[in-house]
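The values are calculated or read from the model by the stated rules, or taken from the named source; none is laboratory data. Keep in mind that this is a model prediction, so the values were computed, not measured. Counting neighbours? That spans all protein chains shown, and the Cβs are built from the backbone with ideal geometry, glycine included.
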């Protein structure tokens, strides 16, 4: 008896099988995804079937896809199209005894095996672009897509077996989760923000990175400040600095000291805050770019911005001079940072009785907050003026 030949399908076909979707169902999902994300792409059921089998309509191998289809698939599945089109052979006779769960796990492991250094690099590039757009335009248009990307990376991390690839993927995942934590906080979603920071800390441990865990802890401390738990914020920033000591890039050490200074100011410790900012100034390297802390944009201007915010928290009139100087030097693409600065300025001007000038800055701050969609900054303004 002639043995049955191996059935071939692409990795995309295996993923389709894992999802339990027909070509028609995936086609509908793809067109919905394209509409929601502004992609001018369509993917009909016949095209889905060709991608799943790796064969054109005439039976010849499918070797390429259109650029718009490539962008759509890579955005949906977080894998390069070249990987998705790779053939995956299955042994029919062996598969007969497998349960649906076994087949699903094999498909998932196959997708994990397709994650390599290039895939992780593409995920990092996508995240870096998201970060740039976020600081210019705000989080409202980005958060949903970023959360979907985070979910996909967690699914991949569960089935990536190569240790070095797991570590690299976990680094990107920790970075993405901290960004999602900050975006959620800006949108007023406090519980979601806390959840993302917790995920970032978990991913940092998989990445074996004390630096990334410290980074996530410091971000989580800002959530504590926003809910008024200043003592816990001081404790958490102290812990972050402790686990990062002697193991972190100089840029991150300076950033953590500044975050600790802000927490101390919120907790009423003026001297401790001033000492922390002085330490941050000493630790800050001359070159603000650090390949080992690419998730940070931090320099003398941003350090002064944080110090101005800390001074505003304790009602120190010096905050007016510090913040005004930073506003003159701040890169105009940092729209959300400018919003936060102007809100800080409004707070200190109002606290010192300069209500008319505070109102003028509040008008500009409201405009910027609306521009970047920051519910957090609007709430802070309302706390000053009602």
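Looking at this structure, is residue 151 closer than 28 Å to residue 32 by Cα and out of contact with any helix residue (DSSP H, G or I) (no Cβ under 6 Å at 6 or more places or on another chain)?
Against the criterion (closer than 28 Å to residue 32 by Cα and out of contact with any helix residue (DSSP H, G or I) (no Cβ under 6 Å at 6 or more places or on another chain)), residue 151 qualifies.
Go through segment 20-41 and give me each residue that's surrounded by 14 or more Cβ atoms within 10 Å (Cβ to Cβ) and not in a helix (DSSP H, G or I).
21, 37, 39, 41
Among the residues of segment 153-179, which ones are farther than 17 Å from residue 79 by Cα, under 11 Å from the mean Cα position of the chain (by Cα) and free of Cβ contacts under 8 Å to residues at least 40 places away in the same chain?
Once the filter is applied, which keeps residues that are farther than 17 Å from residue 79 by Cα, under 11 Å from the mean Cα position of the chain (by Cα) and free of Cβ contacts under 8 Å to residues at least 40 places away in the same chain, segment 153-179 yields only 177.
Name the one entry in 234, 222 that is within 19 Å of the chain's Cα centre (by Cα) and assigned to a helix (DSSP H, G or I).
Step by step, each of 234, 222 is checked, and only 222 is within 19 Å of the chain's Cα centre (by Cα) and assigned to a helix (DSSP H, G or I).
Of the residues that make up segment 356-371, is at least one in a loop (DSSP other than H, G, I, E, B), under 28 Å from residue 131 (Cβ atoms) and either under 22 Å from the mean Cα position of the chain (by Cα) or at pLDDT 90 or above (or both)?
Within segment 356-371 (the criterion being in a loop (DSSP other than H, G, I, E, B), under 28 Å from residue 131 (Cβ atoms) and either under 22 Å from the mean Cα position of the chain (by Cα) or at pLDDT 90 or above (or both)), the answer is no, since none of the residues qualifies.
Considering only segment 143-175, how many residues are part of a loop (DSSP other than H, G, I, E, B) and either at pLDDT 90 or above or surrounded by 19 or more Cβ atoms within 10 Å (Cβ to Cβ) (or both)?
The total comes to 1.
Hey, among the residues in segment 331-341 that are within 18 Å of residue 303 (Cβ to Cβ) and outside any loop (DSSP other than H, G, I, E, B), which one's farthest from the chain's Cα centre (by Cα)?
Looking at residues that are within 18 Å of residue 303 (Cβ to Cβ) and outside any loop (DSSP other than H, G, I, E, B), I get 341.
So, in segment 372-386, exactly how many residues are part of a helix (DSSP H, G or I) and surrounded by 14 or more Cβ atoms within 10 Å (Cβ to Cβ)?
Residues that pass the stated criteria total 8.
Regarding residue 185, is this residue surrounded by 21 or more Cβ atoms within 10 Å (Cβ to Cβ), more than 20 Å from residue 126 (Cβ to Cβ) and in contact (Cβ under 8 Å) with a residue 60 or more places away in the chain?
So residue 185 fits the description; yes.
Being touching a helix residue (DSSP H, G or I) at 6+ places or on another chain (Cβ under 6 Å) and free of Cβ contacts under 8 Å to residues at least 60 places away in the same chain is true for just one of 339, 333. Which residue is that?
Answer to the selection: 339.
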